Amino acid sequence: MPMLLSILLLLLECPVIFFCRNNGYAISTPSSEQYRGDGIAGRAEGYGIAAIRVDGNDVLAVYNGTKAARQYAVKENKPVIIEAMTYRVGHHSTSDDSSAYRPVEEVQQWEQDSPIARFRLYLEAQGWWNSQAQQEFLTSAKKQVLEEFSKSEKKLKPEWQEMFNDVYYEMPDHLAKQMKYMENHVKLYKDKYPVKDFKTTI
């Protein structure tokens, strides 16, 4: 959500829930180096709004926290922020190598405390899930995924022009020029590109 819109919603005291997933990092910078304090929820008071902090790895805590936030927003007609404390076990992006700025052991420890692993233990403790059900589910899910992969791989990819068309309602001149350049380029070198795999008029 754009910052200006967020501020406007706060000033007008709209019944909005702001959900912040605090995963401990901003790309490669740990939260301990980003701000003073222990999180985002503490800043809510400065904006005059209520805040709820929950264990972001606890499915039921997130559900109950969100439910309480909704009740507050509707009843008081005011905004509220939820800060879900969690951890980013994956890399920030495909070009990121998180092992360069945090120990692998730290990630492995958090993987054991993942929301999925914790919720599975809860279900098993309630007698609603077991190892057999888990294995059957994994087998079934893998089969479904592979079937969908097979179907998708046979479909043509969308027209590459969509990366230009699906941005602005009215395409600005600089993008129109770029698209025209790309069209001419692909026409000239279409033997170098897998155009047969795309829905395209070229």
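The values are calculated or read from the model by the stated rules, or taken from the named source; none is laboratory data. This is a predicted model, so every value here is computed, not measured. When we count neighbours, we look across all protein chains shown, and the Cβ atoms used for this are built from the backbone with ideal geometry, even at glycine. The accessibility values were calculated without ligands, DNA or RNA, using every heavy atom of the protein model including side chains. Shrake-Rupley method; radii C 1.70, N 1.55, O 1.52, S 1.80 Å.
Mind checking the angle between helix 115-125 and the chain's longest principal axis? C-alpha axes, 0 to 90 degrees, to the nearest 10. Helix 115-125 and the main axis of the chain meet at about 50 degrees.
The modelled label-to-label distance between SER114 and TRP128, using points 7 Å beyond Cα along the C-beta direction, is 2.0 nm.
Here the label points at GLU76 and PHE19, each 7 Å from Cα along the C-beta direction, are separated by 2.0 nm in the simple model. A full extension of the chain between SER32 and ALA68 corresponds to an added length of 10.1 nm, given 0.36 nm per residue minus the alpha carbon distance.
Would you mind checking the tilt of helix 131-153 against the longest principal axis of the Cα atoms of the chain, expressed as 0 to 90 degrees and rounded to 10? Once rounded, one gets 30 degrees. Taking label points 7 Å from Cα along the Cα-to-Cβ direction, MET182 and LYS155 give a separation of 2.0 nm. Structural descriptor for the chain: relative contact order 19 percent, calculated from alpha carbon pairs under 8 angstrom and at least 6 residues apart. Between THR94, HIS174, VAL186, the Cα set farthest toward the positive side of the dipole of segment 86-199 (charges on each charged residue's Cβ, about the Cα centre) is that of VAL186. In the structure shown, the pairs LYS177/LYS199; LYS151/LYS192; LYS155/LYS177; LYS154/LYS192 are assessed against 23 Å; a Cα-Cα span above that value is assigned to LYS151/LYS192; LYS155/LYS177. Solvent-accessible area per residue in segment 118-160 equals 89 Å², computed with a 1.4 angstrom probe and all protein chains kept. For the chain, the share of DSSP beta bridges that are antiparallel, to the nearest 5, is 15%.
For the peptides 152-158, 85-91, what is the packing order when you average, over each peptide's residues, the other Cβ atoms within 10 Å and list the highest mean first?
Result, highest mean Cβ count within 10 Å first: 85-91, 152-158.
Considering only protein heavy atoms and a probe of 1.4 Å, how much of the accessible area of the chain is carbon and sulfur, as a whole percent? Answer for the chain is 56 percent, counting heavy atoms of protein chains only.
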